[in-house]
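The values are calculated or read from the model by the stated rules, or taken from the named source; none is laboratory data. Here the structure is a predicted model, which is why all the values come from computation and not from measurement. Every residue, glycine as well, gets a Cβ built from its backbone with ideal geometry; the counts of neighbours run over all protein chains shown. Surface areas here come from the heavy atoms of the whole protein model, side chains and all, with no ligands, DNA or RNA. Shrake-Rupley method; radii C 1.70, N 1.55, O 1.52, S 1.80 Å.
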Amino acid sequence: MHACDINRMMLSVAISVAVSLLLLQNTLVCSFSPSVLNCNSKVLSTPLAVLKATPPSESLDASIIPESSSSSSSSSVVAKKRKSWFPVKPEDALLTQYDTIVRGAYVRHVVLETQDMSDVAMKMYLKVDFASMEQKDKLDPFGKLAKDLSACIKSKEEGGKIGWIDNPFHSIISSGGGSGMNDLVSDLISQSVIEELFQARPKGGDILKIQDKTKQIWHLVRVDDLLIDYVPNSIRTTVDDGVVVEGQNDDMMRFKQKGVNKVITTRSKLKGFGMTAVAPKIGMIVEEQQEQQQQQQKIQAARTYHIATSGCQMNVADSERLAGVLENKLKLSQAKTPGKADVVILNTCSIRDHAEQKVYDALGPFAARKRRGEPLALVVSGCVAQQEGEALLKRVPEIDLVMGPQYVSRLDDLLDDVSRGHQVVATDPTLLSEDLSRPVRGHDVRAWVNVIHGCNEHCTYCVVPGVRGVEQSRSMESILKECMYLAEAGYKEVTLLGQNIDAYGRDLHPRRTFSDLLHYLNQGIPNGTIERIRYVTSHPRYFSDRVIDAVASLDKVCECFHMPFQSGDDEVLKNMRRGYTFDSYMKIIDKIKERAPDAAICGDVIVGFPGETDDQFKRTLELMERVKFDNLNTFAYSPRPNTEAALWDNQVPDDIKAERLQMVQRLAAQHGLERSQRYVGKVVEVLVEDRNPRNGDQVMGRTRQNRQVFFDGNIGVLKGQLVDVKIIEARTWSLLGEVV
């Protein structure tokens, strides 16, 4: 029997059970026959349901595109007319073709007899009750689905495993240089299904519904991960972004993410002593045979590294991942002093004013070491690296590697080129794959967990979309798996990270939501391990009632909302391209206060945005008075490179911006103290994190609302413990207490 022949009796029983469950949930009304499900609910009229890219100003509902054509390339996209907007799907944002960088995919499948059955199976996957599942099944609900429903006898017991398959449209594969994996798994999945899968240009975490027309069966194909090629020298597509867009606004498009990959093999001599830049051999001591002398010479190998990090939590998390590559893959250890490190990485931030100059200043001492001929690998990573790209090499030729945030997991590949004496630029937009090297965490009680990278919003003042690219969500299963590693290591708190975390899952297929993720993690993380789940940062445009309900009801999710408002004036918000108003923002705040009255509400504000008048600024103060934030991050507007607002001619004078900044800071401090005073006399649960750096007899922890609490205690005994503390004194941004 063919490995995926239909066992009608077993499948009918399984589907019957599935339909019964769905009937109980009132999600479908179905009639069952021995071999076919006839669903009265609306089903997809195409084997591929792919989310349509929509501008933030348009509806975010998924829509169906026509069935894939028999194109010879997965990057051949039919021209379509839409409103002018930046690329919002990762595959559309690529400057190098999808088939050039995606060599293959690790896939699993569920085989079903009819389209109706595949619809039911997909609904089961999306609506599964995690609370009733065993722990191993919570980590892999798709595998559970395959075991319960798949008609593929050979793969179902392994959770539908097919394994790695080649992209038949990749140049190496199409020319006969592939791994042969497609032939090896041909009894599980046909070549036509593989071709249709890659024509859809999937990402890791996507599940696509594809019909095998030759066998009259349906596959739910899950892409667990992609095999991404690092292309040393970018190959540009002839059609920008892979999509032909009519009426595209060229002025606006110049603010989208740009980049290039380049390997410079011939380096000029450096100033000073006229030395040629030298880099150590990275990873191990390399023995090179000299042809003329017929002897082996040991080349100095890198043994230590130093990472200097600036910027937001996302940069901190990236630095932990960089350290993971250096330690776990390349076997380096952290240098005791930066000046002695063999590999130096400056992980940069471009949000603040004069960010580029600060990077050049920081490079000075390390560039001097290079000019003296020391074997040092000098790397600039992060947002300034993505922003400036090859220009950094022209300004500071001592730099060996310039790499954007999307290349963190490829650090070992990039350093391999550096160790050969090359200069490397890696800023070409790319797709993300799961990082197999575990981060080296900066703390042993709380940890950062990335859930979505990039941002599609393109606020007119913000550099993030241009330096971190479009939104790319990790799968819920990958996120839970990372949390489980942390739980096993004894961590008690995780903070989920995303520049726009409420957009989580809208790039996945099928589409997921951030509230889905919160429920999944709350049920998937075993009790008694990780006690708290936090997240940053929300966007008022996408914030949903479901998230408020999740925070109010889920025991592990902390009662703290970070809701940047940026301005209180509607016209300023429109010019910022924020997508909400004073009133719509306050509706969110009112709902939070109603459903989670004890929650903390934090925010961000920018003063002195171009064109902001005194009356418009007063609206910001009015909003602050209405909300009374527990904590407020305050910023004076500063023009950033490659942003629209930086080019406007109605800039606010610096002295006015400084005055307004002082006003919001004073009011924020007043509200902060007022919000702290509500804790006095109450007993709160505190997770102990560290020793108080100013008082060795005290420890420091945080409430569920993220308020710092200091109290007397032994850090060696209390670290990582949940302690009941009575608050005896309120301070502006912290509390003083005593153990109950």
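A few comments on the model shown:
- Strands (runs of 3 or more DSSP E) contained in the range 203-318 and holding at least 1 residues at pLDDT below 85, over 30 Å from residue 346 (Cα atoms) and over 34 Å from the mean Cα position of the chain (by Cα): 286-290, 295-299
- Annotation note: Cβ proximity below 9 Å between a residue of the range 427-456 that is closer than 22 Å to residue 105 by Cα and a residue that is open to solvent by 40 Å² or more (accessible area, probe 1.4 Å) and aromatic (Phe, Trp, Tyr) (sequence gap 6+ or interchain) occurs for 438/485.
- In the range 491-507, the residues that are open to solvent by 20 Å² or more (accessible area, probe 1.4 Å) and within 30 Å of residue 718 (Cβ to Cβ): 491, 492
- The listed residue being open to solvent by 10 Å² or more (accessible area, probe 1.4 Å), part of a helix (DSSP H, G or I) and free of Cβ contacts under 8 Å to residues at least 12 places away in the same chain, out of 147, 136: 136
- Of residues in the range 650-672 being touching a residue at least 24 places away in the same chain (Cβ under 8 Å), open to solvent by 20 Å² or more (accessible area, probe 1.4 Å) and not in a helix (DSSP H, G or I), the one nearest to residue 717 (Cα to Cα): 651
- Qualifying residue in the range 482-490 (condition: aromatic (Phe, Trp, Tyr) and crowded, with 19+ Cβ neighbours inside 10 Å): no
- Out of 675, 619, one residue alone is outside any loop (DSSP other than H, G, I, E, B) and over 33 Å from the mean Cα position of the chain (by Cα). It is 619.
- Candidates 411, 378, 432, 392 - the one that is within 22 Å of residue 310 (Cα to Cα), touching a strand residue (DSSP E or B) at 6+ places or on another chain (Cβ under 6 Å) and not in a strand (DSSP E or B): 392
- One residue alone among 451, 445, 536, 464 is within 18 Å of the chain's Cα centre (by Cα), among the aliphatic types (A, V, I, L, M) and surrounded by fewer than 21 Cβ atoms within 10 Å (Cβ to Cβ), and that residue is 536.
- Of all the criteria given as (1) touching a residue at least 40 places away in the same chain (Cβ under 8 Å); (2) open to solvent by 10 Å² or more (accessible area, probe 1.4 Å); (3) in a loop (DSSP other than H, G, I, E, B), the one not satisfied by residue 350 is (2).
- Each residue in the range 169-202 was checked for being buried (at least 22 other Cβ atoms within 10 Å of the Cβ), outside any loop (DSSP other than H, G, I, E, B) and not polar (S, T, N, Q), and 5 of them qualify.
- For the range 577-591, the criterion of a residue being aliphatic (A, V, I, L, M), touching a residue at least 24 places away in the same chain (Cβ under 8 Å) and in a loop (DSSP other than H, G, I, E, B) is satisfied by no position.
- Filter result (open to solvent by less than 80 Å² (accessible area, probe 1.4 Å), in contact (Cβ under 8 Å) with a residue 40 or more places away in the chain and farther than 17 Å from residue 674 by Cβ) within the range 702-740: 704, 719, 720, 722, 725, 737
- Options 579, 611, 603; residue that is small (Gly, Ala, Ser) and under 22 Å from residue 706 (Cα atoms): 603
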